[in-house]
1. Could you tell me the calculated FRET efficiency between Lys19 and Asn41, based on Cβ-Cβ distance and R0 = 22 angstrom, to the nearest 0.05?
2. Taking R0 as 25 Å, what FRET efficiency do you get between Arg634 and Thr178 from their Cβ-Cβ distance, rounded to the nearest 0.05?
3. Explain nothing, just the number: dipole magnitude of the chain about its Cα centre with +1 on each Lys and Arg Cβ and -1 on each Asp and Glu Cβ, in debye rounded to the nearest 20.
4. Just need the Rg to Rh number for region 488-645, please, alpha carbons only, Kirkwood Rh.
5. How much area per residue is accessible in region 297-373 when the probe is 1.4 Å and only protein heavy atoms are counted (Å²)?
6. What per residue convex hull volume, in Å³, do the alpha-carbon atoms of region 268-365 yield?
7. Put a dot 7 Å past each Cα toward the Cβ at Gln33 and Lys416; how far apart are the dots in nm?
8. I'd like the FRET efficiency for Lys540 and His362, computed as 1/(1 + (r/R0)^6) with the beta carbon distance as r and R0 of 60 Å, rounded to 0.05.
Amino acid sequence: MSDKRTIDVAATPMLDRAKEIGFLTTFDRAKAQEPRCTFGNTGICCRICLQGPCRILPKKPGGNKGICGAMDYTIVARNIVRYIAGGSAAHSDHGRHIAETVLHVAEGKLKDYQITDAVKLIAVAKKIGVETEGRDVLAVAKDVATAALDEFGRVNEDEITWLTANSNESTLDVLRKTNIMPSGINLSLAQLLHQTHAGNDADPVNIIFGGLKAALCDYDGMALATDLSDILFGTGVPVVTEANLGAIKADKVNIALHGHNPLLSQMVVKAAKEMQGEAKTAGAAGINLVGICCTGNEVLTREGVAIATNFATQELAILTGAMDAMVVDVQCIMPSLRSLAECYHTKIITTMPIMKIPGSYHLAFDEHRALDSAKEIIRLAIDAYKVRDTEKVCIPDVRNTVVAGFTLESLLNIFKKINADAPIRVLTDAIEAGEIKGVALFAGCNNLKGTHDENHFTIATELAKNDVFIVATGCAAQAFGKEGLLNGDGVQKYAGEGLKKFIARLNAAAGLTAELPLIFHMGSCVDNSRAQDLANMMAKEMGLDNRDVPYVASAPEAMSEKAVAIGSWNVALGNPVHVGVVAPTVGSTLVNDVVTKVAEDVFGGFFFWETDPVKAATRLVDILEERNWKNAMRKKANQAREEAN
Ligand code: NFS
Ligand code: SF4
């Protein structure tokens, strides 16, 4: 492992600053965890019952199995699918919260939220089979929200709605034949926990299939979260802003929006617009909002809020000494923030009933008085600003321009200007002509088993050099923003000739004031559903099954259970998935082979682990080239057959 901590030039001076004040950051804590326990690292430690932990000791008589007799493959399979259950629960619960809010809006119970994108509402309603003709917007919204909520509690054999509505028929066939088509989200997650209880399923393949079913619920939960968030807050259009710690402003009241759910962060954006005057009265030049993690991506996509930083460097935003409040909702929030905030004037404000940090300020968020809650938060930040110690302020002067907001709709709007009838053909034609090699989705987190942001940067720039069209979400997308890959300069610096030509054509058609970026930011992690919609659309247009589409996914620095869930549904839906850390499946050759090899025969998608970014990029390009080659051969063979007839 390299000692280099990060490639983020704003993070380096902040880490030095942490050292000066004697605060041990997540980077120090990561080091303190070395060397890792091999049992845990490879997945062969079982803690599923109280007799454990049981570790697999192959050479010790009696030690080659758990106390109950569980083999390495059972233990590894159980452990990995339980990550999926956690991830899927997190994403889908986020989706449920949004669906409930839409329902309450439709019932007229919430004054601060509205149906903002009625066009999307109608499109979603039609997609899932809700009647729209001659009906009132709120009535349609009520039915759509109810359909979303039905996804959770369903216990019959009916197929889950969003997954079936979004996917291509040949993909659905595979899911049906392999028996992993979910019905209800709660049911699949409960069944998976049941399946992996001590003394239950010992068959690793059956366990993995149970895991994939839960992963498809993750997909479903995020697809409905994306749709309903767009309906509630609007579907993003291209926006120009900036990224990195330099987006924090010394002369303003700075508030970081951190977490995942747009329900609160959107309200803070709204309240901030109304409260600039109050900040000025307190002596500041105004209110400055910045985003961290996916709630940041949500308000970036819809409101153009700047990116402060991504997951691994969240503490560093406080170390600037200019962060007056950090308001958090759910997921990926380091508990360490509170103790660091004690060295400064920063208020850490938790807001959700399932996410509290001892010692931090808790302001229970209430949708019924959402705007008032947001205003209270801003007032707390303004009060904190008043006692900010200017001596401690040290903001790295690092920021890059970001052009983001590429929801699938806004991307297709650009394509439409070139081909109004079949916008997606703009992309697929360029692939078939060999101008670009295909599409890569970059998703996922930071993982300090490697150097922060290095895998993201290296793999993406390598793919760009090789003419791959790149879309991104989550903390990967934020890394690209910080490193200057989400703007036109990125294209000039890193794109290969084919990709340059392709983006130049889009630029000429788009007619935006800003140049299009090297990488297209599609939003938060739940917006990986947008990327899958793109893959599905490509398959349809190219007349292919998903398993043959020149589309790959990479999670260069995967960390969370959510990332495991996302990777797993990508595999089930036919996408090759690179993961830049070695997964804890390697403790069982059988399980590892199932997810990295056998999966390809069954689903077309598969995992591969590669920590070396250059090697990972080479493999991703090879996969795209192989798919293109096979498609070209198939086309030729078909032509020859037609000619012969
Ligand atoms: Ni995704 Fe987003 Fe980041 Fe990873 Fe966490 S913020 S939902 S899990 S760390 S990308
Ligand atoms: Fe050990 Fe079996 Fe209990 Fe796991 S379930 S901890 S292997 S006894």
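The values are calculated or read from the model by the stated rules, or taken from the named source; none is laboratory data. None of these values were measured; they are calculated from a predicted model. Heads up, the Cβs are rebuilt from the backbone with ideal geometry, glycines too, and the neighbour counts pull from every protein chain shown. Heads up: the accessible areas ignore ligands, DNA and RNA and are worked out on the full protein's heavy atoms, side chains in. Shrake-Rupley method; radii C 1.70, N 1.55, O 1.52, S 1.80 Å.
1. The pair Lys19/Asn41 has a calculated efficiency of 0.20.
2. It comes to 0.55.
3. Its charge dipole is roughly 1060 debye.
4. Rg divided by Rh gives 1.01.
5. Accessible surface, normalised per residue, equals 28 Å².
6. Given the Cα convex hull of region 268-365, per-residue volume reads 106 Å³.
7. 4.5
8. So, using R0 = 60 Å, E works out to roughly 0.80.
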